[in-house]
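Read through the structure below, which is laid out as structure tokens, and then see the notes.
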Amino acid sequence: MDTFIAPTDRADLLRTAVNQAVDFLRDGEVVALPAETVYGLAADAMNPAAVARIFEAKERPSFDPLIVHLPHRKRLADVAVVPAEIAETVNLLIEKFWPGPLTLVLPKHESVPEAVTGGLPTVAVRMSSHPVFKAVVTSFGGPLAAPSANRFGRISPTSAGAVMKELEGRIPLILDGGACPEGLESTIIRIIPSEKGKPVFRILRAGPVTKDDLQPYGKIEWGNGQPDKKGQVAPPEVPGQLPSHYAPRTPLRLVENPDHFLPEEGKRYALLSYRGDAEDGYLDLTEWEHVLVLSPGSGKLPEAALRLFHCLRALDELEVDEIIAEPVPLREVGMAIMERLRRASYL
């Protein structure tokens, strides 16, 4: 199969690309679309055969559920059943954060194929704010299932070129919407009603919508999805919960204290630095083959989030023996960055 990249940087090119994408989607094919988070691999969420093509292209295990993207908030009832006890909270969150990088886990509508939900009774739902994604899903007129457009478990793509490197020959079309403005997958939450005051928001995957953003509307609880003492992991409730994920092919190690790093003689190392400051204690640990910095000098976490997957992919292509990653502060979107780094370094 030939894979084509369609530009969208002019109005006429966007119209042509959207029409091409919708034609493929209506034929049960998959296409890669830019979102504000990362590039997604989209298919008709209500067509089991089309959804199966997502899993085939990504080599994704069938038990790992997908996120459903809606063309309009009014279409939520097509894919989810909102319990009365959380309906007011759901409406509030939709009003505040949709379209945008917040995914809600809700009881699924019976019409949603089990392939989308991994056999679970719940469905993960959101609306993308990216103009290209919005144009496609609106023109298509129905919900799209769209996980990240990469091989399963690998680095999420934030550019059309990165999608091409991952899925060339596996999908027919990639819409080029430029670099993704957030650079990290959406925040995923489950809403737990409370008889006393605010509801509880269980964060199942950290993302661009932070706990600080959510706290005015509910109490925060963190899901884990981590292996137990025997190394066993429960089947994922949502995407991105497997212990090893977002990983480069080159072994990556998250070193949270520079004193704990002892380089091995003869090994070639690259450094993923947070802000490139020698005072953080990493730059002088060894003769690095290469250093990439997430937020040069300033240490701005949104910039670090935006550059994370791009930098990981660039370091992976150097073919060094190991990538060493510095930690970032555990605040704001730094929680999401550290979650990705921990899963990318899981052995």
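From the list L66, L41, pick out the single residue that is assigned by TED's automatic domain parsing to the domain that holds T117 and within 16 Å of V132 (Cβ to Cβ).
Among L66, L41, only L41 is assigned by TED's automatic domain parsing to the domain that holds T117 and within 16 Å of V132 (Cβ to Cβ).
Does the stretch 262-271 contain any residue that is modelled with pLDDT of 95 or more, touching a strand residue (DSSP E or B) at 6+ places or on another chain (Cβ under 7 Å) and of a type outside the set (A, V, I, L, M, F, W, C)?
There is at least one residue in the stretch 262-271 that is modelled with pLDDT of 95 or more, touching a strand residue (DSSP E or B) at 6+ places or on another chain (Cβ under 7 Å) and of a type outside the set (A, V, I, L, M, F, W, C).
Check off (1) under 20 Å from the mean Cα position of the chain (by Cα); (2) at pLDDT below 90 for G231 and give me the number that stays unchecked.
Status for G231: all satisfied but (1).
For a quick check of your reading of the model, give me the residue pairs whose first member lies in the stretch 185-196 and is under 14 Å from A87 (Cβ atoms), whose second is aliphatic (A, V, I, L, M) and outside any strand (DSSP E or B), with beta-carbon atoms closer than 7 Å and at least 6 apart or on different chains.
Once the first residue is under 14 Å from A87 (Cβ atoms) and sits in the stretch 185-196, its partners that are aliphatic (A, V, I, L, M) and outside any strand (DSSP E or B) give I191/I86; I191/V90; P193/I86.
Could you grab the pairs with beta carbons closer than 7 Å, sequence gap of 6+ or different chains, first residue in the stretch 2-29 and farther than 19 Å from E166 by Cβ and of a type in the set (V, I, T), second one modelled with pLDDT of 95 or more and assigned to a loop (DSSP other than H, G, I, E, B)?
Final answer for the pair search is T8/G177.
Looking only at helices (runs of 4 or more DSSP H) that fall completely inside the stretch 34-103, which ones have 1 or more residues that are under 16 Å from the mean Cα position of the chain (by Cα) and surrounded by 18 or more Cβ atoms within 10 Å (Cβ to Cβ)?
48-58
Check off (1) in contact with a strand residue (DSSP E or B) (Cβ under 8 Å, 6 or more places away or on another chain); (2) surrounded by 15 or more Cβ atoms within 10 Å (Cβ to Cβ); (3) farther than 19 Å from P157 by Cα; (4) not hydrophobic (A, V, I, L, M, F, W, C) for D316 and give me the number that stays unchecked.
For D316, the failing item is (3).
Find the residue count for the stretch 186-216, including only residues that are surrounded by fewer than 24 Cβ atoms within 10 Å (Cβ to Cβ) and polar (S, T, N, Q).
3
Tell me, which strands (runs of 3 or more DSSP E) wholly within the stretch 237-347 include 1 or more residues that are of a type in the set (G, A, S) and over 23 Å from N150 (Cα atoms)?
It comes to 269-273.
Quick one: in the stretch 116-135, of everything that is over 19 Å from the mean Cα position of the chain (by Cα) and touching a residue at least 24 places away in the same chain (Cβ under 8 Å), which residue is nearest to P181 (Cα to Cα)?
By that ranking, first place goes to A135.
The values are calculated or read from the model by the stated rules, or taken from the named source; none is laboratory data. All figures in this text were calculated on a predicted structure; none of them were measured in a lab. Note that each Cβ is placed from the backbone with ideal geometry, even for glycine, and that neighbours are counted across all protein chains shown.
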